[in-house]
1. Can you pull a Stokes-Einstein diffusion coefficient for region 173-401 at 20 °C (1.002 mPa s), Rh from Kirkwood over Cα pairs, as a whole number of µm²/s?
2. Sorted by packing (mean other beta-carbon atoms within 10 Å per residue), highest first, where do 287-297, 55-65 land?
3. If packing is taken as the average number of other Cβ atoms within 10 Å across a peptide's residues, how do 218-225, 323-330 rank, most packed first?
Amino acid sequence: MSKDNLIKLKKPDVFVDDPITDILRQGARKLLTQALEAEIEIFVHQYKDLVDELGRQRVVRNGYLPKREIQTGIGPVPVKAPRVRDRSGQSSDRVYFNSSILPPYLRKTKSLEQLIPWLYLKGISTGDFTEALAALVGKGAPGLSAPTISRLKTGWEKDFQDWQKRNLSGKDYVYFWVDGIHCNVRMDDKQCLLVIIGATRDGKKELVAIDGGFRESELSWTQLLMDIKSRGLEIGPKLCVGDGALGFWKAISQVYPDSRWQRCWVHKTANVLNKIPKSIQPKAKEKLHEIWHADTKDDAERHFDNFVQVYEAKYPKAVQCLRKDREALLTFYEFPAEHWRHIRTTNPIESTFATVRLRTAKVRGCFSATTVTTMAFKLCQCAEGRWIKLHHPERLAEVIKGVRFVNGIEENRIAA
């Protein structure tokens with residue numbers, strides 16, 4: 001007979017502010033007020049020489065707008081925006097003041113707007129947002145009801161559509177990380193998300209493309225690559241990093257035939273280990289790591305041959321899985337050693353989309369393709385600012401010029 005030991009905990013009805021939060025909120029209000037006062041003083045000073053027909057200064061301060069509360073990560077912060085008056089009777093050349101710090105109708109900080117898609121992707125449903133955010137911004141926070149969240153989601157879809165049409169002329173991506181993200185949800189007729197992250201010539205990582213695709217097929221990848229090329233990305237990346245999905249590699253050969261291939265070692269390691277008994281996997285994993293962590297390509301080749309020799313007799317499928325991509329797995333040795341940590345795997349994509357998988361696993365069968373791609377797009381936008389920049393980005397200029405690297409070192413430096 002089963003015994004239920006679960007105890008239902010009563011939800012708190014009121015979130016009580018602690019003294020530290022109250023002090024932070026007061027300090028934030030004071031700093032915001034000071035910034036607004038400094039901004040309007042500078043604005044009025046710019047027009048100090050303008051005078052009206054009576055010889056008075058035209059642009060002067062005119063009190064304050066009604067007080068409003070700005071929802072922030074530390075709760076609501078009340079503020080009164082200063083106002084400006086132009087004494088000129090001519091409406092055609094009247095001077096207007098719009099604060100860049102506190103735009104009209106602003107009710108939430110940018111950080112709070114970024115928090116909403118994160119909470120949604122973490123598993124908070126639309127109807128639970130008010131309760132979840134109350135713990136952060138205070139009970140009864142305006143503008144955070146379920147209908148508001150729904151309107152925000154509609155706005156995100158519009159942002160995503162505009163982003164998909166943006167002009168890519170002048171963009172120059174040195175590396176591409178590509179992957180097909182499979183979500184455990186119904187996505188109409190589309191089975192996965194096709195994602196491309198690129199590294200610019202200054203070493204920054206950017207989201208290049210994201211769209212729904214059918215089983216990572218060659219047609220889906222070709223359509224995506226042709227789309228970004230038609231929008232101005234005429235020159236393809238020097239190196240593409242991805243898993244073994246044949247659809248992408250066939251597509252990249254057609255659209256950007258000069259791009260080199262680098263197979264992801266994380267994906268390859270997992271695929272090889274799946275063909276080996278679990279009791280042997282730890283040792284086999286160590287030997288695989290010896291290959292792609294070797295200092296030189298010759299050492300990697302030697303460890304590669306050793307793995308084949310040890311496991312081929314008993315586990316031919318595992319060895320065949322590794323051997324078939326031998327060349328593409330070791331391409332990174334012909335690129336700067338400072339970039340190896342970035343270009344040996346598709347971790348930039350995997351780490352970001354782990355949250356998407358978590359969210360879709362919680363609400364299996366409740367998403368449309370549009371909702372999934374939009375939420376994934378917002379997630380990437382939130383995460384993009386925290387993506388690690390490539391180490392020693394100055395090496396990218398050498399890659400673009402076609403400088404030859406041997407074991408990660410410029411060939412000319414070796415000769416010297």
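Derivation of every value follows stated rules applied to the coordinates shown; laboratory data play no part. Worth saying up front: this structure is predicted, and the values here are computed from it rather than measured. Cβ coordinates were reconstructed from backbone atoms using ideal geometry, including for glycine residues, and neighbour counts include every protein chain displayed.
1. Numbers: Rh = 18.6 Å.
In µm²/s, the coefficient is 115.
2. Values: 287-297: 16.4, 55-65: 13.4.
For the peptides 287-297, 55-65, the packing ranking is 287-297, 55-65.
3. Numbers: 218-225: 19.6, 323-330: 16.0.
Listed from highest to lowest mean packing, they are 218-225, 323-330.
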